Amino acid sequence: MKPAAFVFPLISRFDMLTPALRDRVEEWQADEDTCSFKVKGFTVRLRIAERVENKHVKITGDDGNGVPVDFAFWIQLHEASVGDTRIRMVLHAELNMMMRMMIGGKIQGGLDKAVEGLAVAFNGMP
């Protein structure tokens with residue numbers, strides 16, 4: 001369990017995620033505000049569009065992001081009690097019904113893995 005003030009700096013900069021993600025995704029590159037990586041041969045580019053300290057980070061696709069849909073997702077922090085921060089990821093994507101049926105489950109699975117990865121990373125930290 002970690003306080004929001006501990007978690008926020010780690011999720012609000014892509015370069016802080018490099019140690020946790022470098023070996024888990026192909027061609028991971030990151031600086032403070034942007035990152036890129038490969039998924040099934042496609043390069044995905046993300047950027048941090050908004051930060052609200054100890055509350056949330058909004059992430060969107062960067063120019064030429066490699067993803068065929070417009071999307072944004074938020075990593076929200078809620079301090080349930082002192083030192084107990086809950087992480088919630090919210091995705092907003094413009095998907096027509098066919099796309100939703102084709103990739104909706106994969107998107108949900110990807111978000112679930114991302115949350116699990118963050119939990120493992122934070123639980124392994126002092």
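The values are calculated or read from the model by the stated rules, or taken from the named source; none is laboratory data. This structure is a prediction, so every number in the text was calculated from the model and none was measured. Don't worry about glycine lacking a Cβ; one is built from the backbone with ideal geometry, like all the others, and counts go over all protein chains shown. Accessible surface is based on the protein model in full, side chains and every heavy atom, while ligands, DNA and RNA are left aside. Shrake-Rupley method; radii C 1.70, N 1.55, O 1.52, S 1.80 Å.
Numbers at a glance
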{"quantity": "Residue among Val7, Val67 that alone is among the aliphatic types (A, V, I, L, M), modelled with pLDDT under 90, open to solvent by 40 Å² or more (accessible area, probe 1.4 Å) and in contact with a strand residue (DSSP E or B) (Cβ under 8 Å, 6 or more places away or on another chain)", "calculated": "Val67"}
{"quantity": "Failed item, numbered, when Asp62 is tested on (1) among the acidic types (Asp, Glu); (2) at pLDDT below 85; (3) open to solvent by 50 Å² or more (accessible area, probe 1.4 Å)", "calculated": "(3)"}
{"quantity": "Residue that is modelled with the lowest pLDDT [pool: residues in segment 39-50 that are within 18 Å of Val69 (Cα to Cα) and surrounded by fewer than 15 Cβ atoms within 10 Å (Cβ to Cβ)]", "calculated": "Lys40"}
{"quantity": "Subset of segment 10-38 that is in contact with a helix residue (DSSP H, G or I) (Cβ under 9 Å, 6 or more places away or on another chain) and of a type in the set (Val, Ile, Thr) - its residue that is surrounded by the fewest Cβ atoms within 10 Å (Cβ to Cβ)", "calculated": "Thr34"}
{"quantity": "Restricting segment 70-112 to residues that are modelled with pLDDT of 85 or more and of a type in the set (Lys, Arg), the residue that is surrounded by the fewest Cβ atoms within 10 Å (Cβ to Cβ)", "calculated": "Arg88"}
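For every residue, the table says whether it meets (1) among the basic types (Lys, Arg); (2) on the phi < 0 side of the Ramachandran plot.
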residue: Pro3; (1), (2): no, yes
residue: Phe6; (1), (2): no, yes
residue: Thr18; (1), (2): no, yes
residue: Glu27; (1), (2): no, no
residue: Glu32; (1), (2): no, yes
residue: Gly41; (1), (2): no, no
residue: Arg51; (1), (2): yes, yes
